[in-house]
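Please read the structure below before turning to the comments.
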Amino acid sequence: MNTRRTFLRSLVAAAGSSAMLGSRALAQAPPPPVKLEEADPVATALGFKLDTQKVDAQKYPQHTKEQKCSGCAFYQEKTGEAISPCTVFNGKLVPPGAWCMSFVKKSTQPK
């Protein structure tokens, strides 16, 4: 009986420690966001340019030079950061002076 109890205790201990290791692996932080490149397939499809001044006016007649990510509702500007995430591009980082066809002017109404 003594060996059976010892075996059961060690089995319970092993199961508990493996469960703790598994929960730690699942609790790891997500990878940091990456900078969006113009060559990204979604960026290409939306006419993304890192500099709003370089947007082709013939190809995108709706574009104006005043439109840039910093004035877009999808841009999640982080104070003091040179680049911030954009919800259109799944949180990839874009500079405030960039542009894409998804531009929607930020609301000026107070929240």
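Every number in this text was worked out from the coordinates using simple rules, so none of it is lab data. As the structure is a computational prediction, the values presented were derived from the model and not from experiment. Reconstructed Cβ throughout: ideal geometry from the backbone, glycine too, with neighbour counts over all protein chains shown.
Spin-label pair Arg9-Gln76: with each label point 7 Å from Cα along the Cα-Cβ axis, the two points sit 5.0 nm from one another.
Counting pairs of alpha carbon atoms under 8 Å apart in space and at least six apart in sequence, what relative contact order in percent does segment 33-111 give? The normalised contact order for segment 33-111 reaches 37 percent.
In terms of its C-alpha gyration tensor, segment 32-71 comes out oblate, because a/c is 1.5 or above while a/b does not outweigh b/c. Can you spot the lysines whose alpha carbon is less than 16 Å from Lys59's alpha carbon? Ignore those fewer than 8 places along the same chain. Lys59 reaches Lys49. Amide H contacts under 5 Å for Ser84: Val94, restricted to partners 5 or more places along the chain or on a different chain, H placed in the peptide plane at 1.01 Å from N.
Assuming charge only on the beta carbon of Lys and Arg (+1) and of Asp and Glu (-1), the dipole of segment 33-111 about its Cα centre is about 240 debye to the nearest 20. Phi angles across segment 92-101 convert, under the Karplus curve 6.51 cos²θ - 1.76 cosθ + 1.60 with θ = phi - 60°, into 3J(HN,Hα) values of 5, 7, 9, x, x, x, 7, 7, 8, 5 Hz, Gly and Pro given as x.
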